[in-house]
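The values are calculated or read from the model by the stated rules, or taken from the named source; none is laboratory data. Since we're looking at a predicted model, the values are computed, not measured. Please note: Cβ atoms are built from the backbone with ideal geometry, for glycine as well, and neighbour counts cover all protein chains shown. Accessible surface is based on the protein model in full, side chains and every heavy atom, while ligands, DNA and RNA are left aside. Shrake-Rupley method; radii C 1.70, N 1.55, O 1.52, S 1.80 Å.
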Amino acid sequence: MISLQYPLWLLLATLWWAIEGVDLTIPVGEILHTASENKEGGIYLYNGPEAISSLLKPFSLAVHRVLVKLDDKHIEFERRGLRLVSQTDILNYCNNLPDSEKPWANVKSMTLKELNIINKNPVSCETDKTAVEAFKLIGIHNTSALCVLEPDTKKVVANLSASDLRGIDAKKMAKLNLPVLEFLQSLHWFVPAPIIAQENDTLEAAINKCLENHIHRLWVVSEDGKLTGVVSLTDFFVAISAAYHK
C-alpha cells in the first residue's frame, strides 16, 4: 500500500497567493516537495482483488479516496490500469446491498448521538465575512468546508466548501471579495439551502441523506436551527469500521 498526498492546502494556498499577487509561474514541483508535511491524510494504492473491508479503516481516518490497481479482468477498460475509488463510491455500493449485508447493518438504527460521531466544533463564519476570509478559515482549520451562519440568530444559512472554487480563474478572482452569500449566489444563481441533520437522526438516515444530495457532510442543528456540530462521511466510516471489526 503506497501513500500519496492529496493536499487541499495546495489549492487554498494557490488561491491566497493569487490574490496577493504572488508569482504563480513557479513550477508545481517546487511546491509539492513539501507535501509530506501535510497531515490531512492521503490517497492509498490498493490492488483490485483486495476486499472492500480493507478500505473501512483508512476511510475512517480521513482518507477520502484511494487508487485501485485494476486486475487483468478489468484493465482493458482503463488504459492506465488505475481508478479512483472514493468514500462515496463505497457507501453507494454498500447501500445497494441487501439490508443484512450492509456493513452498517448492526448500527443502522443507532443515532448520531448514540454513536458519538458528531464533531462538536464545526468551523463556521457569519454572513458578513467575504468569501476569501471564509476560505482562509477553511485553510487555517485544515478542513474542506464551513457553515455560514446568520449573525443575529446563529442559524445555519449556507455551506461553503473547497469545491466552490471550481471554475474560479484569474478573471473571476474579484468575486472572492464579495460577502460569502453573494459569492455563492454568483456561482449558483441562488444560495443553495444547507443540508442538515439532528443528533437523533439514525446513521442510516444520515448516510442516505448524504448520498441522495451528493454531499460529504451534514450540519447538525438544534430544534431551533442553531448549529451544534457536523458529521461527515469520515465519521460514518468511524462507526461502520468499529461495527464491522467488532
Taking first residues from segment 159-182 that are on the phi > 0 side of the Ramachandran plot and second residues anywhere that are buried (at least 16 other Cβ atoms within 10 Å of the Cβ) and assigned to a helix (DSSP H, G or I), the pairs with Cβ under 9 Å that are 6 or more apart or on different chains are 167/187
Would you say residue 92 is surrounded by fewer than 17 Cβ atoms within 10 Å (Cβ to Cβ) and under 30 Å from residue 153 (Cα atoms)?
-> no
Just one of 101, 133, 114 is more than 17 Å from residue 209 (Cα to Cα), loosely packed, with under 14 Cβ neighbours inside 10 Å, out of contact with any helix residue (DSSP H, G or I) (no Cβ under 7 Å at 6 or more places or on another chain) and among the acidic types (Asp, Glu); which is it?
-> 101
Out of curiosity, is residue 192 farther than 15 Å from residue 112 by Cβ and at pLDDT 95 or above?
-> no
Only unsatisfied item for residue 121, checking (1) within 22 Å of the chain's Cα centre (by Cα); (2) surrounded by 15 or more Cβ atoms within 10 Å (Cβ to Cβ), is (2)
Run residue 51 past the list (1) closer than 30 Å to residue 173 by Cβ; (2) of a type outside the set (Val, Ile, Thr); (3) modelled with pLDDT of 55 or more and report the number of the one that doesn't hold.
-> (1)
Is it true that residue 220 is assigned to a strand (DSSP E or B) and under 14 Å from the mean Cα position of the chain (by Cα)?
-> no
Tally, over segment 160-186, of residues that are closer than 26 Å to residue 229 by Cβ, more than 17 Å from the chain's Cα centre (by Cα) and open to solvent by 30 Å² or more (accessible area, probe 1.4 Å) | 2
Considering only segment 188-246, how many residues are open to solvent by 70 Å² or more (accessible area, probe 1.4 Å), among the acidic types (Asp, Glu) and in contact (Cβ under 8 Å) with a residue 12 or more places away in the chain?
-> 2
Of the criteria (1) within 23 Å of residue 229 (Cβ to Cβ); (2) open to solvent by less than 30 Å² (accessible area, probe 1.4 Å); (3) at pLDDT 95 or above, which one residue 63 fails | (3)
Which of the residues belonging to segment 145-185 are at pLDDT 90 or above and among the small types (Gly, Ala, Ser)?
-> 145, 158, 161
